[in-house]
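Structure, as C-alpha cells:
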Amino acid sequence: PLHQHEFVGGNAYMLQILRVFGEEMEVTVSSAQLQDKQQQILEQLQNRTASITVNEASLDGSNLVADLSIAVRTGHKFPTGFPSRRAWIHLMVQDASRQTVFDSGAAASDGSIAGNDNDADPAAFEPHYTVVDDAAQVQIYEPIMGDTEGAVTTTLLRGAEYLKDNRLLPAGFDKGAVGPDIAVRGGALEDEDFGGGGDAIRYVVDVGDAQGPFTITAELLYQAIGYRWAENLRGSEGQQGARFTGYYDRVVNEPVVIASDVAEVGE
C-alpha cells in the first residue's frame, strides 16, 4: 500500500558525465541505472515543464513580426536549484529556400550560446528583453549573481545579490508582492508580460530581400550547467576544477529541448 515519489531533478548532463567516467570516479551504480534516471529526467523536462507558442506572425514590409509566449507547468521557478542552470529561446527564421535569415540563441558545441554577453565576457551578462530585433540578442531565463562590489560572479561564497533573476515564474506568483529572497531582479520586474505562469516576447526580424514563405522555429532550451560556470573553473587552484573541466570538454553540453513550435508566414 506504499506509494513511491521520485525526485528526478533536471540535471541529465551530470548523469552523462557519471556514465562516461564512472569507473574513473568509482561510481557504484550501474550505467544502466544512470541511463534510466536520465530518461526520467528528460521525460519530465520535455513533457511536464513548459511550452512555447508562436501566437501570431505577420509581415510588415521587410519586417517579420512574431509574438511568442511561454507557459510554465512547474510549481517553482524554472530553472530552479543551483544557479548554474539556464533556459533560453532559440528562434530561427528561414526563407522559402530554407536559407536562414535570422538565428537568435543558437547553441555551440562547447555549450556556449551565440550572442550571449556572459558567455563571451565573464564581467557582462545578457539583459531581459521585451523585444528582440537583433540576432545578437538572446532571451535567457537565468540568475546572475553579483559580489559585494556589484561584479558578476559564479563563486557562491562571493555571491551577495542577484544582478538579474528572470527565471520563469510558476502560476500564482505575484512578483510585486514577494520578499527580497525570491524577488524578480532586473528588467523582468518592469516587464508587464512577465509574471506568474510565463512570459511573452516579440521578435522583429528584417528579412531584407529574402523570399517567403518564411518558416519560424521557436525552441525553449535548457542547460543544467551554463558555459560560464564551467569556464570560470579553468585555471582555478586545486585539482577538482581541472578534473571537472576535463570531463566537461569531453562530454558535449548539448541543451535539452524543453518545447518547440513552428509557424509559417508570407506567400
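Considering each residue of segment 1-60, count those that are hydrophobic (A, V, I, L, M, F, W, C) and part of a helix (DSSP H, G or I), and give that number.
First, pick out the residues of segment 1-60 that are hydrophobic (A, V, I, L, M, F, W, C): 2, 7-8, 12, 14-15, 17-18, 20-21, 25, 27, 29, 32, 34, 41-42, 45, 50, 52, 54, 57, 59.
Within this subset, residues satisfying the condition of being part of a helix (DSSP H, G or I) are 12, 14-15, 17-18, 20, 25, 32, 34, 41-42, 45.
Within segment 1-60, residues that are hydrophobic (A, V, I, L, M, F, W, C) and part of a helix (DSSP H, G or I) number 12.
Could we say that residue 164 is basic (Lys, Arg) and under 17 Å from residue 83 (Cα atoms) here? Break it down into steps so the answer makes sense when it comes.
Values: basic (Lys, Arg): yes; under 17 Å from residue 83 (Cα atoms): yes.
So residue 164 fits the description; yes.
Out of the residues in segment 228-248 meeting the condition of being open to solvent by 30 Å² or more (accessible area, probe 1.4 Å) and in contact (Cβ under 8 Å) with a residue 40 or more places away in the chain, tell me which one is nearest to residue 67 (Cα to Cα). Step through it out loud before you land on a result.
In the first step, residues of segment 228-248 are kept if they are open to solvent by 30 Å² or more (accessible area, probe 1.4 Å); the result is 229, 231-240, 242-244.
Narrowing further to those that are in contact (Cβ under 8 Å) with a residue 40 or more places away in the chain: 229, 231-232.
On the way: 229: 31, 231: 34, 232: 35 Å.
Here the residue is 229.
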Check: Which residues, counting only those in segment 95-117, are among the small types (Gly, Ala, Ser) and touching a Leu at 6+ places or on another chain (Cβ under 8 Å)?
Finding: 104, 105, 107
Margin query: Based on this model, can you work out whether residue 264 counts as within 27 Å of residue 40 (Cβ to Cβ) and open to solvent by 10 Å² or more (accessible area, probe 1.4 Å)?
Written below: no
Next item on the list: Please work out which one of (1) modelled with pLDDT of 95 or more; (2) assigned to a helix (DSSP H, G or I) is the condition residue 175 fails and give its number.
Entry: (2)
Check: Which condition breaks for residue 196 when tested against (1) in contact with a Leu (Cβ under 6 Å, 6 or more places away or on another chain); (2) in contact (Cβ under 8 Å) with a residue 40 or more places away in the chain; (3) more than 14 Å from residue 129 (Cα to Cα)?
Finding: (2)
Notebook entry, point to check: Within segment 16-36, is there a residue that is under 17 Å from the mean Cα position of the chain (by Cα) and open to solvent by less than 50 Å² (accessible area, probe 1.4 Å)?
Noted result: no
Margin query: Residues that are buried (at least 24 other Cβ atoms within 10 Å of the Cβ): list the strands (runs of 3 or more DSSP E) wholly contained in segment 68-149 that include at least 3 such residues.
Written below: 86-94
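The values are calculated or read from the model by the stated rules, or taken from the named source; none is laboratory data. In this text, all values refer to a predicted model and were calculated from it rather than measured experimentally. Every residue, glycine as well, gets a Cβ built from its backbone with ideal geometry; the counts of neighbours run over all protein chains shown. Side chains included, ligands, DNA and RNA excluded: accessible areas come from the protein's heavy atoms. Shrake-Rupley method; radii C 1.70, N 1.55, O 1.52, S 1.80 Å.
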